[in-house]
Amino acid sequence: MNEATLATYLETSLPRYHHILGVVRNMKSLLPQINIPADLHTLLIQACYLHDIGYSPKLNKFHYHQLDGAIFAAKQGFSKSIIATLLFHSCAYEGALYSRPDLRPVYEAHLMLLDEQDRLFIDLVTYCDLHTSARGKLTTLEERIGDVAVRYGEDHEVSKMMFANEPVFREIIGRVEQMKGKYCS
């Protein structure tokens, strides 16, 4: 997946397209700051390009972008860690429990299959996602949550999920910041 391929799934004029490119940029900036094997870098960049691909009208089957994206990635033969990242990034499991209880069996079956590398990918992509605005600019968690609440409305399920998962988001950010600290010291 690259920018040109992404453009075949999402309209380039849409903020979502620019958000994805911003997440990719943030990952490219983050990778030199953390100590992980170099062979994972390309996979993590791929996961960023794909993380919101499920929003594509071409792929929207279940109306839950994380699941639609994960199904697409599996059909395309992407690695288990990329598929897991698409399925679980940015508290998708918690969101499914809240707003899509029909997806609970799918999520619980896959939750048991996550390994250490999958969890690392989920944390790193979520970190970059949370630090990228809707239009692809660098942002803080507080600004990101506030922007979601403004765009969707505070009573929308997406906003409620963001508010409810703020402590989980802070834990993820803390884990990634700790990785940065270990590498830099």
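The values are calculated or read from the model by the stated rules, or taken from the named source; none is laboratory data. Quick caveat: nothing in here was measured; it's all calculated off a predicted structure. Positions of Cβ are backbone-derived with ideal geometry, glycine not excepted, and every protein chain shown enters the neighbour counts.
Report those helices (runs of 4 or more DSSP H) wholly inside the range 71-151 carrying at least 3 residues which are of a type in the set (D, E, K, R) and closer than 20 Å to Ile173 by Cβ.
So the answer is 116-130.
So the check is Cβ under 6 Å with 6+ separation or different chains; which pairs have a first residue in the range 73-101 that's farther than 15 Å from Asp115 by Cα and a second one that's part of a loop (DSSP other than H, G, I, E, B) and of a type in the set (Phe, Trp, Tyr)?
If the second residue must be part of a loop (DSSP other than H, G, I, E, B) and of a type in the set (Phe, Trp, Tyr), the pairs left are Arg100/Tyr64.
Any idea which residue in the range 110-136 is farthest from the chain's Cα centre (by Cα), counting only those that are surrounded by 14 or more Cβ atoms within 10 Å (Cβ to Cβ) and charged (D, E, K, R)?
Arg135
Conditions (1) of a type in the set (S, T, N, Q); (2) under 16 Å from the mean Cα position of the chain (by Cα); (3) over 20 Å from Tyr64 (Cα atoms); (4) loosely packed, with under 14 Cβ neighbours inside 10 Å, marked per residue:
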| site | (1), (2), (3), (4) |
| --- | --- |
| Leu138 | no, yes, yes, yes |
| Met161 | no, yes, no, no |
| Asn165 | yes, yes, no, no |
| Gly174 | no, no, yes, yes |
| Met179 | no, no, yes, no |
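Which of the residues spanning the range 1-26 are assigned to a helix (DSSP H, G or I), in contact with a Phe, Trp or Tyr (Cβ under 9 Å, 6 or more places away or on another chain) and either within 18 Å of Glu177 (Cβ to Cβ) or of a type outside the set (Ser, Thr, Tyr) (or both)?
Glu3, Leu6, Arg16, Ile20, Leu21, Val23, Val24, Asn26
Could you grab me the full set of residues in the range 1-41 that are at pLDDT below 95, in contact with a helix residue (DSSP H, G or I) (Cβ under 6 Å, 6 or more places away or on another chain), closer than 23 Å to Lys80 by Cα and of a type in the set (S, T, N, Q)?
Matches in the range 1-41: Asn35 only.
Tyr127 is checked against (1) among the hydroxyl-bearing types (Ser, Thr, Tyr); (2) under 23 Å from Pro101 (Cα atoms); (3) in contact (Cβ under 8 Å) with a residue 24 or more places away in the chain and fails just one. What number does that condition carry?
(2)
If I ask for residues that are in a helix (DSSP H, G or I) and either surrounded by fewer than 22 Cβ atoms within 10 Å (Cβ to Cβ) or at pLDDT below 95 (or both), which ones from the range 42-65 would you list?
Listed by number, the residues that qualify are Thr42, Leu43, Ile45, Gln46, Tyr49, Tyr55, His65.
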